[in-house]
Amino acid sequence: MRIAYVLPHPELNGGNKVIFQHANLLQERGDEVTILGEGPKPEWMEIRPAWIDYASTVPRLPEQDLVVATYWTTLRIARRLSLGPLAHFCQGYEGGLVHLRPVLAEIEEVYSWRVPTLTVAPHLGELLRQRFGRESRVVPPPLDPLFRPAWRLGPRRRPWIAIPGIFEAEVKGIPVALEAVRRLRAEGIPCRVLRFSIFPLSEAERALLAPDRYLHGVPPAEIARALRACDLLLLPSRAEEGFGLPLLEAMASKVPAVATRIPSTPFVTGGAVPLVEPSGLADAARELLTSRRAWRRAREQGYEAARRFRPEEVAPRLCEGIRWARQLAVAAPDALPSLALSEDPKWT
C-alpha cells in the first residue's frame, strides 16, 4: 500500500516519535510510506520512509491508498492535498486541552468529520464514538528498543525520581509530582529529581522545586540512558493525557513507577503499576522506595506488562488498522466536506 502521514512541525516530542515509529514499522513490512512534515526531516530519530517538507514545496505524489492526518490541524491540510482516502491517527483529544480552548470550535469542526480513526488507547475511541460518531481501532505505540533495563538489586538510599513532561502544560500535572517529592523529603527520604522536557527549565518551576538534573530537548537515546539509572518514575498526568509514553518507557526499562489513575493509564500499565489519586503519589512512591521486595516486584511486573507493546505485537494491529481505515474511507467518500486548494495560497 501507498501510505502518507501528514504532520505539523516535526519538533521533538512523544507524539511525533510514535508517528515515526508507526511509519517505520509499515515501511519494514513492505508498504510504501511517505511522511509529509511542515519542516525539514528531523535528525533526533531514525526515519526510514521518504520525507517531503510541505512548508517549502508543493507535495507531488501519486495517488495514495491512505492519507493519515495526525494533529488536529493536519486534517484540513491532508484534505486539501487530495492525495487519497483520509484517516486520522488520534493520540489525544486536543479539545480537552486548556491552552487550546480559544480554538475549540475549530477542533470540534474537524472532529465532526466522519473519518476512520486510529487511536493509541481504547478510551479515546470511546470518546470519539460518543461525541462525534466516529469509528476507530486501537493501534498503540510500539516499545522503543532504546529503553531497556539495567541490572539493579534495589533502590538507592538517595533515590533518583524521574518526572517527565512540560511544566507549563496543565495536562502533565508536573507541580503535583514536585509537591510529592517535597513530601517525601520532609518525611526523611532524600530523593533526587531528574526532570525532562522539550522546554528549558522555567523560573516558575525552579521556584517550586529545583531539579537535581534537568534535560531538555535531548534525543530519546539520552533520555533512555538517564531513565534506566533512576529508581522511580512519577507520572502525574491529568485525564486529558492520551497515552503516557514515558510510563511505558519506564516499565520497559524496569524502572518502577507510580501514576495517576486517568482513562489512559490502566491500558498502558495492565495492572502492573500503582494508580492513585494525585494526593496519593507520595504515599505510593514511599512504599516502593522503602521496600526492596516491593521495588523489585514492581520492576518485574512493569517489565512484563510492557512486553504487550513489543513491535512484533503492535505491527500486526497497525497493519490491520491501516487496511480497515482504507476500506472504511473508500466505502464512504462523501463523508467529508469539500475543501478547495485555493483556501490555502501555498497550494494554488
Review point. Can you pull out the trypsin sites (Lys or Arg not before Pro) in segment 26-79 that DSSP calls coil and that have at most 10 other Cβ atoms within 10 Å?
Key: Arg60
Point to revise | Cβ-Cβ FRET estimate between Glu28 and Leu104, R0 fixed at 45 Å, reported to 0.05 | key: 0.75
Review point. So if we plug the beta-carbon distance of Ala239 and Ser112 into 1/(1 + (r/R0)^6) with R0 = 30 Å, what FRET efficiency do we get, rounded to 0.05?
Key: 0.85
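Counting pairs on different chains as well as pairs 8 or more places apart, how many Lys pairs in the chain have Cα atoms under 24 Å apart?
Lysine pairs satisfying the spacing and distance rule in the chain number 5.
Which semi-axis lengths, in whole Å and largest first, follow from the square roots of five times the eigenvalues of the Cα gyration tensor of segment 160-308?
Result for segment 160-308: semi-axes of 21, 17, 15 Å.
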Exercise for review: Evaluate the distance, in nm, between pseudo-label points positioned 7 Å from the Cα of Arg310 and of Val138 along their respective Cα→Cβ axes.
Suggested key: 1.9
Revision key, fill the gap. Reduced to Cα centres, the span from segment 292-315 to segment 150-189 in Å works out to 20
**Study point:** Test item: Cα-centred dipole of the chain, Lys/Arg +1 and Asp/Glu -1 on Cβ, debye
**Key:** 1460
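Just to confirm a number: summing +1 for Lys and Arg and -1 for Asp and Glu over residues other than Arg185 whose beta-carbon lies under 12 angstrom from that of Arg185, what do you get?
Neighbourhood net charge equals +2.
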Review point. So what's the convex hull volume per residue for the Cα atoms of segment 113-181, in Å³?
Key: 168
Review point. Summing +1 for each Lys or Arg and -1 for each Asp or Glu, what net charge is found among the other residues whose Cβ lies under 13 Å from the Cβ of Arg293?
Key: +2
Revision key, fill the gap. Taking a ≥ b ≥ c as the square roots of the eigenvalues of the Cα gyration tensor, with a/c under 1.5 meaning rounded and otherwise prolate when a/b exceeds b/c and oblate if not, segment 70-120 is prolate
**Study point:** Gyration tensor verdict on segment 43-139 (Cα atoms; rounded if a/c is under 1.5, prolate if a/b is larger than b/c, oblate otherwise)
**Key:** prolate
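Any idea what the dipole of segment 160-308 comes to, in debye rounded to 20, about its Cα centre with Lys/Arg Cβ at +1 and Asp/Glu Cβ at -1?
640
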Practice item. Decide, for segment 201-246, between rounded, prolate and oblate: order the square roots of the alpha carbon gyration tensor eigenvalues as a ≥ b ≥ c, take rounded if a/c falls under 1.5, and otherwise choose prolate if a/b is larger than b/c, else oblate. Key: oblate
Review point. Computed over the Cα atoms, what is the radius of gyration of segment 94-249 divided by 2.2 N^0.38 Å, N being its residue count?
Key: 1.21
**Study point:** Equivalent ellipsoid semi-axes - Cα gyration tensor, the chain, angstrom
**Key:** 37, 20, 19
Review point. Under a Cβ-Cβ cut-off of 12 Å, what is the net charge of the residues other than Arg152 that fall near it, where Lys and Arg count +1 and Asp and Glu count -1?
Key: +4
Exercise for review: Using the Karplus curve 6.51 cos²θ - 1.76 cosθ + 1.60 with θ = phi - 60°, work out ³J(HN,Hα) for each residue of segment 196-201 in order, rounded to whole Hz, and write x for Gly and Pro.
Suggested key: 9, 7, 7, 10, x, 5
Exercise for review: Hey, can you grab everything whose amide H is under 5 Å from the amide H of Val138? Only 5+ residues off in sequence or another chain; H modelled, so Pro and N-termini drop out.
Suggested key: Thr119
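What's the longest bit of the chain with no exposed GluC sites (Glu not before Pro), using DSSP loop states and at most 10 other Cβ atoms within 10 Å as the test? The partial results should precede the final answer.
On the way: sites that count: Glu43, Glu46, Glu63.
Segment 64-348 is the longest.
Every read-out reported here was derived from the displayed coordinates using simple, explicitly stated rules and does not represent laboratory data. Since the model is a prediction, treat every value here as computed from it, not as a measurement. Cβ coordinates were reconstructed from backbone atoms using ideal geometry, including for glycine residues, and neighbour counts include every protein chain displayed.
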